[in-house]
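Working notes, beginning with the structure itself.
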Number of protein chains: 2
Amino acid sequence: MVNKAEWTTSTAIWSTRVSLARMDNKWTAMVVIALGRGARRFGELRTKVEGISAKVLTETLRSLERDGLVVRHVHAEMPPRVEYELTELGRTLHAPLQAIGRWAEEHAEEVLTARAAYDTGR
Amino acid sequence: MVNKAEWTTSTAIWSTRVSLARMDNKWTAMVVIALGRGARRFGELRTKVEGISAKVLTETLRSLERDGLVVRHVHAEMPPRVEYELTELGRTLHAPLQAIGRWAEEHAEEVLTARAAYDTGR
DNA sequence: CAGTATCCTTGCGGATACTG
DNA sequence: CAGTATCCGCAAGGATACTG
């Protein structure tokens, strides 16, 4: 969609849009990946996405809901049960994000090595 | 590489690794995308990645260099010319990141619409 | 041109306590 | 269980001025 020529002149546009992809939030990507992999309940997400606090998870889910990437299902029970689900739109984002996750898995070692070399060397 | 079963038990590992993918830095993804698309000089990146300050661009490039994703070429000239280039490793990250960028391009409208609906509705 | 050097503000997000 | 409500520290990163 964006060719070389367009790219040359429409920088402002996509810089805004990439931020729309929510790269700005530290946790968003991981929450979406977790949801795509089948985690649904609040507590489930809380443990899957290791290190996230309840407060931040709530905020993250709310903003994903606001952006139409996630739907929230509240079951009127006691104790309460709430399930989150990726929307159609959310699922389209899941694939590319998962690719990033996979990249991290596969190249973590290399990054660590490079980092150590950089720190030792100079 | 990570199947459903592994995923269930190895959460801690990949949460660390995803952060290694540098999702934490607000600008990293955009800098890598810009580099992959051919931007090379400091000033060029500065204008392509709209809104980034010189300070932050420098820091971002340094950390990418440290992680072995980018190499820095200094040309001993006056005025100085410095070119940045994705390494082999950096190029492997470029593809998935570009996919995210493309997603943002394609779905920005939907997100904006959902957001407006959410804000108006409730 | 390609950075450094400082200063300073903002807000992310951690910790903790409480509730329907 | 699934959140809210507060309080608050700290570091990301913006603004500005200067340099090899």
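The table for this structure:
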quantity: Per-residue average of Cβ from other chains inside 10 Å of A:38-44; calculated: 1
quantity: Gained length - A:Glu44 relative to A:Arg115, 0.36 nm times residue gap less alpha-carbon distance; calculated: 22.2 nm
quantity: The protein assembly as shown, dipole about Cα centre (Lys/Arg Cβ +1, Asp/Glu Cβ -1), debye to the nearest 20; calculated: 320
quantity: Across A:Lys26/B:Lys26; A:Lys55/B:Lys26; A:Lys26/A:Lys48, pairs whose alpha-carbon gap is larger than 19 Å; calculated: A:Lys55/B:Lys26
quantity: In order through segment B:112-118: 3J(HN,Hα) via Karplus (6.51 cos²θ - 1.76 cosθ + 1.60), integer Hz, x for Gly, Pro; calculated: 4, 5, 4, 5, 4, 4, 4
quantity: Cα gyration tensor, the protein assembly as shown - rounded (a/c under 1.5), prolate or oblate; calculated: oblate
quantity: For A:Met30, solvent-accessible area (1.4 Å; no DNA, RNA or ligand), Å²; calculated: 10
quantity: Ascending list, in nanometres, of distances separating the A:Ala76 label from those of the other copies (7 Å, Cα toward Cβ); calculated: 7.9
quantity: Peptide-level mean, for B:47-57, of C-beta atoms on other protein chains within 10 Å; calculated: 2
quantity: Accessible-area composition of segment A:39-122, carbon plus sulfur, in percent [1.4 Å probe]; calculated: 54
quantity: Chain A, relative contact order [Cα under 8 Å, separation at least 6], %; calculated: 20
quantity: Rounded to whole Hz, the Karplus (6.51, -1.76, 1.60) HN-Hα couplings of segment B:69-82, x for glycine and proline; calculated: 9, 9, 10, 10, 10, 9, 9, 6, 9, 10, x, x, 9, 10
quantity: Reduction of at least 30 Å² in accessible surface, 1.4 Å probe, comparing all protein chains with the chain by itself, residues of segment B:76-116; calculated: B:Leu89, B:Thr92, B:Leu93, B:Pro96, B:Ile100, B:Trp103, B:Ala104, B:Glu105, B:Ala108, B:Val111, B:Ala114, B:Arg115
quantity: Residues of the protein assembly as shown: accessible area per residue with a 1.4 Å probe, Å²; calculated: 51
quantity: Accessible area buried, both sides summed, chains A and B with 1.4 Å probe, Å²; calculated: 5400
quantity: Net +/- balance of residues flanking B:Glu110 in space, Cβ distance below 11 Å, scoring K and R +1, D and E -1; calculated: -3
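The values are calculated or read from the model by the stated rules, or taken from the named source; none is laboratory data. Keep in mind it's a predicted model, so treat the numbers as computed, not measured. Note that we place each Cβ from the backbone using ideal geometry, even for glycine, and neighbour counts take in every protein chain shown. Side chains are part of the model used for accessible areas, which takes the heavy atoms of the whole protein and leaves out ligands, DNA and RNA. Shrake-Rupley method; radii C 1.70, N 1.55, O 1.52, S 1.80 Å.
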